[in-house]
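No value in this document is a laboratory result; all are computed from the given coordinates. Everything quoted here is computed from the prediction, not taken from an experiment. Please note: Cβ atoms are built from the backbone with ideal geometry, for glycine as well, and neighbour counts cover all protein chains shown.
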Amino acid sequence: MRELACDGREDLSNRDVEVGDEELVLRFPHARIDHDNKDLYRGWLRRELRIHRCRECERWHHPPRPICPHCWSTKIVPTPVCGRGKIFLKMLLHQGPEVPEVDYREGPHPVITVELEEQTGLRFTSTMLECASDEIEIGMAVELVWTERHAAPFPAFRPASPSAEQ
Ligand SMILES: [Zn+2]
C-alpha cells in the first residue's frame, strides 16, 4: 500500500487493512471521494463512522474540511464517533435520486439530520431504519446502524436501544 504525503493529519491509511485510494474510489463509485473525505469513507468500509476532529482545539467539524473551521489548524484527525445522538431535522422524500436500496413506491424515504452526542451543533445526515416514517420525531434519541448502499457499507440510524438513552 502506498504511503500518503504527510500533511499534518494522522495517516490512517497506514493501518494495514485500510484500502488504497484507487480501490476506495471503486468501492464508492457514486460518492465524490476527495482528499478531505477519503479517510471517512475508509472508515465506512470498517463500519466505523469517522468525523474530523482538530488536534489543537479538540473540536469536531462536519462536512470534512482541510483546516479546522474553529481555530484554522491543519492538524485534523478523522476520529470515530459513538454514533449516538438526537434527531435535529426530519424530511420525508417522496421522490429523489435513484438508489437501488430505496423504493419510493413503498412510501416516503426518511432523511434525518442527527445532532451527534460528541458536540453541540455537530450533525450528520442519513436515513432512518427500523422505524415507521410517521414515528420519527425531532429530538428522538437514535444510534448508528450499518446498512448497505451500492454494495458498500452505509451508515444510518435507528431508534436508540433503551440502555443507550439518557
Ligand atoms: Zn481547531
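Direction-averaged projected area, Cα convex hull, the chain: 10.4 nm², rounded to one decimal.
Quick one: compute a quarter of the convex hull surface over the Cα atoms of segment 60-142 and quote it in nm². Result: 6.6 nm². Peptides 46-59, 87-100 ordered by packing proxy, namely the average of other Cβ atoms within 10 Å per residue, highest first: 46-59, 87-100. Among beta bridges identified by DSSP and lying wholly in the chain, the antiparallel ones come to about 95 percent. For T127, the residues whose amide H sits under 5 Å from its own are I112, F157, ignoring neighbours fewer than 5 places away on the same chain, with H placed 1.01 Å from N. Measuring spread by the Cα atoms of segment 21-80 yields a radius of gyration and Dmax of 11.8, 34 Å.
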